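Every number here is computed from the coordinates shown, using simple stated rules; none is lab data. Since the structure is predicted, the reported quantities are computational estimates derived from the model, not experimental observations. No Cβ is skipped: glycine too gets one built from the backbone with ideal geometry, and neighbour counts run over all protein chains shown.
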Amino acid sequence: MTRSPFDLEVPQSLIARAQTGELAAFEQLYRCFERPVYTLALRMLGDAEAARDVLHDAMLKAFQRIAQYRGDAPFWAWLRQIALNETLMRLRSRRDDAAEVALDALRDEAPAPWVIADAAGLERALATLPATTRSVLWLYHVEGYSHPEIAERMGKSVSFSKSQLARGTARLRALLDPTVESMPCLQANPQPG
Amino acid sequence: MSASQPATRLTLPEALRALPLVRPEREVWNELAARLQAEARSAPPAARIARRRRLRYVVPAALAAGVALVAFEAHRAPAPPTAPATVAAPAASPSTGGAMAAHDANNAANATNATNQPNDTAARIAALEQRSDALERWLQETGAAAPLSGQDLAAAAEIENLIGVVDVALAAPQAQQTEALWRRRVDLLEDLTALRYSSYRLAATSAAGAANDHFID
């Protein structure tokens, strides 16, 4: 089972201190979850400034509502839900570009183990995906959400989630697979003379 | 996995999970701390707002267990035609006795609005607060029992977020346009109530047949 980057152990005493409004406790919680929240938003939105806003607003909302946290779910899951809601709210306000994935040039959509050249290459490839497609990939593979869970949170169908995952996987494969990059149709035409 | 590492054989999920967690280039905590401190300084109004927004969007176990009975009552008592009135219809259920008060509060607020428009801002705000309380009480005690589809759930989450934004503005030390904010809050709660109520009625209708077998001759 995929372990979310949010899945961090938080002492109950720290949460209790935060629930009394202690600023130092808030800061400790913020430092714990700053990276998971920001990374989730950045990967989904692909926009550093928007991700920063999500981090600010999600943490603020969590701290404003922390008195309502009853401990019936892990704190990290509670906070992740708030961060995801904030991110999805911004994603929905954008024009949905998920349908614009160009699949015609892809030769093979079947997922398989690949050679991923390096992190920077993968990040560049991710950045070229539509935000919705990238979000589905991230929520499924990194955060461990199921297709029904993704569909519910994004207000879409399960088949939408599955198709976005397949399209995103195929698109990344095309971008990262050197055999696709060397296709003749992608080579520059030689200049005459 | 770092940008400088040579090629590594990984599956896509492994490669995605291996990407480093990142933090913003500009510090966020300072802004956040300043905001939290400002809110702490305005504790009395913030506490007042907090009392008024005791939204609990969880399904109370007792209500979930009593859905069939609620459905029976909802089936017997047709919903009034307008949104503010319809939200009180499920309050007829004996399992939601507290919601009866919401019904009364709704009616009181509506009557105030319809027949005796308050002339001063304070009275208008008080009426809005009363209506806001009544809607919240219904949502907390009854509306949360309604199952939502994925799309409705997303819409409800969005409305709740917008209510949160209004609450933040209302909790500001010197909130401007207080009346407009309260009106906005009531509008959003009515949207949420309509969403919950339509799901509630749907669930009630589905369960009514079974309930009728037990309660109707």
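In table form, for the structure just shown:
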read-out: Residue-averaged beta-carbon neighbours from other chains (10 angstrom radius) around A:31-43; value: 3
read-out: Average beta carbon contacts from partner chains per residue of A:14-25, 10 Å cutoff; value: 1
read-out: Cβ-based net charge around A:C32, under 13 Å, with every Lys or Arg adding one and every Asp or Glu removing one; value: 0
read-out: B:N30-B:T121 FRET efficiency (beta carbon distance; Förster radius 51 Å; 0.05 resolution); value: 0.90
read-out: Check: region A:12-93 dipole with +1 on Lys, Arg Cβ and -1 on Asp, Glu Cβ, in debye; value: 180
read-out: Shielding of B:25-33 by partner chains, average beta-carbon count, 10 Å; value: 5
read-out: Separation between Cα centres of region A:44-83 and region B:26-43, rounded to whole Å; value: 16
read-out: Residues with amide H under 5 Å from that of A:D177, placed H, sequence gap 5 or more; value: none
read-out: Net charge of Cβ neighbours under 13 Å - reference B:E158; Lys, Arg +1; Asp, Glu -1; value: -1
read-out: Low-density loop positions, chymotrypsin sites (Phe, Trp or Tyr not before Pro), region A:116-148 - DSSP coil, at most 13 other Cβ in 10 Å; value: none
